[in-house]
Amino acid sequence: MPELPEVETIKNELLPQVKGCHFVGVSLLRPEVLRQPEASEFGPRLYGQRVEDIHRRGKYLLFHLSSGERLILHLKMSGLLLIRPSFAQVEPYTTAIFRLDDRKELHFCDRRKLGAMWLVEDENKIIGRLGPEPLDANFSPQVLSRSLGRHRVPIKALLCDQNLIAGIGNMYADEALFAACLHPLTKADSLSSQEVGRLHQAIQEVLERAIAGKGASTDTYRRPNGQLGSAHFEFQVAHRGGEPCYSCGILIERISIRGRGSYFCPNCQRGGLQGRLF
Ligand SMILES: [Zn+2]
């Protein structure tokens, strides 16, 4: 599933390709992808608009349009955004095709068909409840501590809660908890300030390293030019169930936490004091 580093990479690589381009057409091959407005209104409202900028917020991509409106996309489990030449072959599972005025197309492909998009005047209706950005300068250990301290739930579940911290999902939560030597079932409100500091640093380092690796292609993720990312080659635990830990050699385990497969090293992430785990 694309998380912050994957969506950031897509934004970074799309921007020079589409900034300043105008939308000259759109085909909705699977109209259900559009949440707002009605499909009949979507094309006419988009037509002729220039892409002024692209931002990322959490796992959302926001295209800033010349009218001041936002085209917002969420890739969910398996969405891809591919830049293709005009009249390029359409891949299976293509959900929408945006035609741009310099003989380019933007293809939204989505194998699991969960992705979504909106065209709105006020972006806050879609992204207004997201938690802080973990790579922002004002995301301090104190901000993280405030988010965690109020909740007696497994730390893993909390890191994936978009209303508390935006952009982290299953893979990078597992990686950050390994880097911080914390068991994923640790009660979030039991962390010492030292542990919160360690987790804060781990979150930022794991995300920055994954952005440098252009995202992780563990599943369907590809960059807008079709190439794979390489961030998964540095994964210590995520998607490594049954393989030896690179640090201690003990086999990585997989457990389910609130329906999410969670990978951890039972030795390096022992969980500290008794009574702190669920
Ligand atoms: Zn280990």
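Spin-label pair ARG150-ARG254: with each label point 7 Å from Cα along the Cα-Cβ axis, the two points sit 3.4 nm from one another.
GNM on the chain, alpha-carbon springs under 10 angstrom: the most fluctuating residue among ASP101, ASP219, ASP174 is ASP219. The distance linking region 186-260 with region 32-92 is 29 Å (Cα centroid to Cα centroid, whole angstrom).
In this structure, the amide hydrogen of ARG57, modeled 1.01 Å from its nitrogen in the peptide plane, lies closer than 5 angstrom to those of LEU62, counting only residues at least 5 positions away or on a different chain.
Among VAL26, VAL143, what is the fewest-to-most ranking by other Cβ atoms within 10 Å? Spell out each step's value before the answer.
Details: VAL26 22, VAL143 16.
Final ranking by Cβ density, sparse to dense: VAL143, VAL26.
For the chain, take the alpha-carbon Rg, divide it by the Kirkwood Rh, and send me Rg/Rh. Before the final figure, lay out the partial values.
On the way: Rg = 19.9 Å, Rh = 19.7 Å.
The Rg/Rh ratio comes out at 1.01.
Normalise the Debye intensity by I(0) for region 28-112, one equal point scatterer per Cα, no solvent, then take log10 at q = 0.25 Å⁻¹ and round to two decimals. Listed by q, the Debye log ratios stand at -1.61.
Computed over region 141-264, the quotient of the alpha carbon radius of gyration and 2.2 N^0.38 Å is 1.04.
3J(HN,Hα) along region 135-141, derived from phi through the Karplus expression 6.51 cos²θ - 1.76 cosθ + 1.60 where θ = phi - 60°, amounts to 9, 5, 4, 8, 7, 9, x Hz, with x in place of Gly and Pro. Give the cross-link partners of LYS11 among the lysines, using a straight C-alpha distance below 24 Å as the criterion and excluding same-chain residues fewer than 8 apart. Leaving aside lysines fewer than 8 places away in the same chain, those within reach of LYS11 are LYS19, LYS59, LYS76, LYS104, LYS113, LYS125, LYS214.
Take HIS55, project a point 7 Å from its Cα along the Cβ direction, then tell me which residues of region 67-98 have their backbone nitrogen under 11 Å from it. Of the residues in region 67-98, 70 have backbone N under 11 Å from the label point off HIS55. Between PHE87 and ASN138, what FRET efficiency comes out of the Förster formula 1/(1 + (r/R0)^6) with R0 = 30 Å and r the beta carbon distance, rounded to 0.05? So, using R0 = 30 Å, E works out to roughly 0.05.
Every number in this text was worked out from the coordinates using simple rules, so none of it is lab data. Computed from a predicted model, the values in this text were never measured in an experiment. So basically every Cβ, Gly included, is an ideal-geometry build from the backbone, and we count neighbours across all protein chains shown.
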